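Chemist: I have a structure I would like to understand better, so I am pasting it below and will then ask my questions one at a time.
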Amino acid sequence: MSAPAQAGGVPVIVLKEGSNRSRGREAQHSNITAAKVVAESVRSALGPKGMDKMLVDSFGDVTITSDGRTILDEMDIQHPAAKMLVEVAKTQDNEAGDGTTSAVIIAGELLNKAEELIEKKIHPTIIIDGYKKAAEKALETLEKIAIPVDLKKQEYLKKTAVTSMASKVVSDHKEYLADIAVKAMLEVTEKEGNTYKVDVEDVKVEKKTGESLRDTGLIKGIVLDKEITHSGMPKRVERAEIALLDTSLEIEKTEFDAKINIETPDQIEAFLNQEEAMLKDMVEKITTAGANVVICQKGIDDMVQHFLARKGITAIRRAKKSDMEKLAKATGGKIVTKLDDITSEDLGYAALVEERRIGDDKMTFIEGCKHPKAVTLLIRGGTNRMTAEAERSIHDALCVIEDILEEPKVVAGGSAPELEMARTLKLYAETLPGREQLAVKIFADALEAVTVTLTENAGLDPIDILSDLRSRHEKGETWAGIEVVEGKVRDMSKKGVFEPIMVKKQIIKSATEAASLILKIDDVIAASKMKAPPMPPGGAPGGMYPGAGEY
């Protein structure tokens, strides 16, 4: 590609042939348009009246969801600027667990409004500075209006979990599922002084198609998607002493090649006897420690299975590493990496270990642990798609409960906090000199996009609703929001619609950062795709096949 300038009449080749370059307004417009398209794709999924998306991947697998992160992940987006909005959804999901759709919509709206200012010859850097000030003011407003939560009472935990699931496919069962989610999280929460320590990973979510969502249940222990390895082992063990092993119960092959010359049948027998004795010794160590259940992360030799079955010990092999860690937390046992060191103190305890048939498969339930620091939610549902979406919805609910336990403050929903932040920002903009106030004003308008989207998705008139809401917030009604089920403006705190402050904070942070990053780009240089080397005359060389194209 030639540079426009020429040095002494000779064109200067700077970039590789086939490279593309767009800059200035063209680059900004292309990036902003791509990001707006992504935001538009999730827009109709927001809120309790939002629509679901059916996503079909290259293998023909179907996903039906209204979860912003899942929609963007499954869409397989290629445009580099659009990928940044996918990152926004990922960050929002990882940090707060909910609010992914709102974060993407606000980021898209910030870019849309910024383009209007750029067309009026306002420099992107001024807009970015204004956005930064607006975000700081918005976060400050959130802190001021937040409602502190008394964690001794569970009502806010349940209400936020219900709000989180109200916009999902499983909304018909939101009360029931929210109840289970709250119980599960409180089971694994540990109090440290005045603070609570909790990890959503300690709640194992296992799904099995069959029955209905109403049959989803909480197991105070762990459910393994594994069956007992040997048919001769007990399928039900009460008062189980559980050995958790991260070592294989097999004779390991040597890492180097070795040859043994055997000359007589006696030598073969001696070898086999020696092998049997070593395997018997492994079982003896487990028996001596007092275990009657063995859960192994690696393989168990057939002969070891036989010996364990004869001793009446139940065993499960090839358990996942994550499941082993949860088992250790649930049963109070230690994961043993060297069998020689196993003692009775390393064993975990459960009141019952039992293999049960769930649907077409067998699963092992480890229940009745004394103080389980890990529990399992077993999701049931009529179809695979329903259980998959229920899993995503419950994950969001668990995350919002974790958010409140870590930072016990909530705000009401129905876009009330966004409108309150917008009102404060419009007043704040008046105090700023110069063009930055325009950026702060459009930031306020972008926040109002959440109200507009919720209203449109509910089939209502956004102009009437928005003007009504603005006037109510001016009068000091902080929690006036859109109650989409009734289609009216209501006090959302009285309606019991709450969201954690952590979710709202993260939405503002990630949307602002993504919009600022995209606005700062004024030059896009894309390298050309690699092509296969040209064919030599007379056909393909030895290493290539005829007709090789681009790779």
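Every number here is computed from the coordinates shown, using simple stated rules; none is lab data. Quantities reported herein were computed from a predicted structural model and do not represent experimental measurements. Positions of Cβ are backbone-derived with ideal geometry, glycine not excepted, and every protein chain shown enters the neighbour counts.
Chemist: Tell me, in nm to one decimal, what length is gained between Tyr176 and Asp281 on full extension, where the rule is 0.36 nm per residue of separation less the Cα-Cα distance?
Modeler: The span from Tyr176 to Asp281 would gain 32.8 nm if fully extended.
Chemist: Would you be so kind as to identify which of Ala135, Leu157, Ala114 lies farthest towards the positive end of the dipole of the range 111-164, taking Lys and Arg as +1 and Asp and Glu as -1 on Cβ and the Cα centre as origin?
Modeler: Among Ala135, Leu157, Ala114, the one farthest towards the positive end of the dipole of the range 111-164 is Leu157.
Chemist: While we're on this one: Please turn the phi angles of the range 138-145 into ³J(HN,Hα) values with the Karplus equation 6.51 cos²θ - 1.76 cosθ + 1.60 (θ = phi - 60°), one per residue in order, whole Hz, x for glycine and proline.
Modeler: Values, residue by residue: 5, 5, 4, 5, 4, 4, 5, 8 Hz.
Chemist: With +1 assigned to the C-beta of every Lys and Arg and -1 to the C-beta of every Asp and Glu, and no other charges, what is the dipole magnitude of the range 222-371 about the Cα centre in debye, to the nearest 20?
Modeler: 820
Chemist: Let me ask you something else. Kindly express, to the nearest 10 degrees and within the range 0 to 90, the angle between helix 321-331's C-alpha long axis and the longest C-alpha principal axis of the chain.
Modeler: Approximately 80 degrees, to the nearest ten.
Chemist: Any idea how far the Cα center of the range 45-117 sits from the one of the range 455-514, in Å?
Modeler: Cα centroid of the range 45-117 versus Cα centroid of the range 455-514: 20 Å apart.
Chemist: I need Met51, Met303 ordered by Cβ neighbour count within 10 Å, fewest first.
Modeler: Lowest to highest Cβ neighbour count: Met51, Met303.
Chemist: Here's something else I'd like to know. So how do 169-179, 230-240 stack up, highest first, on mean other-Cβ count within 10 Å?
Modeler: 169-179, 230-240
Chemist: Using θ = phi - 60° and the Karplus form 6.51 cos²θ - 1.76 cosθ + 1.60, what ³J(HN,Hα) does each residue of the range 56-62 get, whole Hz, x for Gly and Pro?
Modeler: Working through the residues one at a time gives 10, 8, 5, 8, x, 6, 9 Hz.
Chemist: Exposure proxy check: Met54, Met278 ranked by fewest other beta carbons within 10 Å?
Modeler: Met54, Met278
Chemist: What residues from the range 207-248 fall in the zone where the backbone N is under 11 Å from a label point 7 Å along the Cα-to-C-beta line of Lys298?
Modeler: Residues 246-248 qualify, since their backbone N sits under 11 Å from the label point.
Chemist: With +1 on each Lys and Arg Cβ and -1 on each Asp and Glu Cβ, how big is the dipole of the chain about its Cα centre, in debye rounded to the nearest 20?
Modeler: Rounded to the nearest 20 debye, it is 1260 debye.
Chemist: Extending each Cα 7 Å along its Cβ direction at Leu427 and Lys370, get the distance between those two points in nm, one decimal.
Modeler: The answer from the label model is 5.7 nm.
Chemist: Just check the chain against the gyration tensor rule for me: Cα atoms, a ≥ b ≥ c as the square roots of the eigenvalues, rounded for a/c under 1.5, and otherwise prolate or oblate depending on whether a/b exceeds b/c.
Modeler: Here the chain falls in the oblate category.
Chemist: Applying a 10 Å radius around every beta-carbon, put 496-509, 352-365 in order of their mean neighbour count, most first.
Modeler: So the order, starting with the most tightly packed, is 496-509, 352-365.
Chemist: What pairs in Lys159/Lys183; Lys197/Lys329; Lys197/Lys495 have C-alpha atoms more than 18 Å from each other?
Modeler: Pairs exceeding 18 Å: Lys197/Lys495.
Chemist: So, one more: Assuming a ≥ b ≥ c are the square roots of the Cα gyration tensor eigenvalues, decide whether the range 222-371 counts as rounded (a/c under 1.5), prolate (otherwise, with a/b larger than b/c) or oblate.
Modeler: prolate
Chemist: Could I ask something else about it? Under the Karplus relation 6.51 cos²θ - 1.76 cosθ + 1.60, θ = phi - 60°, what is the ordered set of whole-Hz ³J(HN,Hα) values for the range 450-466, x standing for Gly and Pro?
Modeler: So the Karplus estimates, Gly and Pro as x, are 5, 4, 4, 5, 4, 5, 4, 5, 8, x, 10, 8, x, 5, 4, 5, 5 Hz.
Chemist: Would you work out which of Ile222, Ser344, Thr288 lies farthest towards the positive end of the dipole of the range 222-371? Charges go on Cβ: Lys and Arg +1, Asp and Glu -1.
Modeler: Ile222
Chemist: Can you sort Ile228, Ile118 so the residue with the fewest Cβ neighbours within 10 Å comes first?
Modeler: Listed from fewest to most nearby Cβ atoms, that is Ile118, Ile228.
Chemist: Amide H to amide H under 5 Å from Ala315: which residues, 5+ apart in sequence or cross-chain, H placed 1.01 Å off N in plane?
Modeler: Thr229, His230, Val294
Chemist: Next up: May I ask you to list the residues of the range 490-515 whose amide nitrogen lies under 20 Å from a point 7 Å from Cα along the Cα→beta-carbon direction of Glu155?
Modeler: 490-501
Chemist: Can you give me the C-alpha center-to-center distance between the range 224-268 and the range 384-446, rounded to a whole angstrom?
Modeler: Result: 55 Å between the Cα centres.
Chemist: As I understand it, the dipole of the chain uses +1 on the Cβ of Lys and Arg and -1 on the Cβ of Asp and Glu, about the Cα centre. Which of Gly193, Gln78, Leu454 lies farthest toward its positive end?
Modeler: Working it through, the farthest residue towards the positive pole turns out to be Leu454.
Chemist: May I pose another question? Which stretch or stretches of the range 373-402 have amide N atoms under 19 Å from the point lying 7 Å from Asp225's Cα along the Cα→Cβ direction?
Modeler: Under 19 Å, as judged by backbone N against the label point of Asp225, lie 375-396 of the range 373-402.
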